[in-house]
Amino acid sequence: MIAGEDLVAYLTAFGQSVTVGGVAGSAVFDEAYQEAFGIASAGPQLIAAAADFPDAAMNQAVTIGTRTFTVAAPPEPDGTGVIVLRLHKS
């Protein structure tokens, strides 16, 4: 996301309905490239407005369409009102 861009417009254009810990909101789902110990993989994550999921925490259930995940790590705020939630497939 470009600095200064309207978060609501971005999530409206690219986000989808999700639930995190029973709270419904909009987020961008991504299965980003990851590499650890020389092994490459895709890691699912959500990018969302921190205000939409203020109580997001590790081990909470996440539903994206028919897919289910759990939050695998503490939320990662970026200082601009956006959080990244690293997910683990349930």
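The values are calculated or read from the model by the stated rules, or taken from the named source; none is laboratory data. Note that the structure is predicted; figures quoted are calculated from it, not measured. Here the Cβ positions follow ideal geometry from the backbone for every residue, glycine too, while neighbour counts run over all protein chains shown. The accessibility values were calculated without ligands, DNA or RNA, using every heavy atom of the protein model including side chains. Shrake-Rupley method; radii C 1.70, N 1.55, O 1.52, S 1.80 Å.
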Could you check how many residues of the range 11-59 are more than 12 Å from the chain's Cα centre (by Cα) and in a strand (DSSP E or B)? 10
Options Thr70, Thr19, Thr63, Thr80; residue that is out of contact with any Gly (no Cβ under 6 Å at 6 or more places or on another chain) and modelled with pLDDT under 95: Thr80
Just the residues that are surrounded by 17 or more Cβ atoms within 10 Å (Cβ to Cβ) and among the small types (Gly, Ala, Ser), please, taken from the range 36-49. Ala48, Ala49
Taking the condition of being charged (D, E, K, R) and surrounded by 13 or more Cβ atoms within 10 Å (Cβ to Cβ), how many residues in the range 52-63 meet it? 1
Test Val28 against the stated conditions and say whether it is of a type in the set (Val, Ile, Thr) and without any contact (Cβ under 8 Å) to a residue 24 or more places away in the chain. yes
Looking only at the range 64-90, filter to residues that are in a strand (DSSP E or B), in contact with a Phe, Trp or Tyr (Cβ under 8 Å, 6 or more places away or on another chain) and open to solvent by less than 80 Å² (accessible area, probe 1.4 Å); which one of those is nearest to Gly22 (Cα to Cα)? Ile64
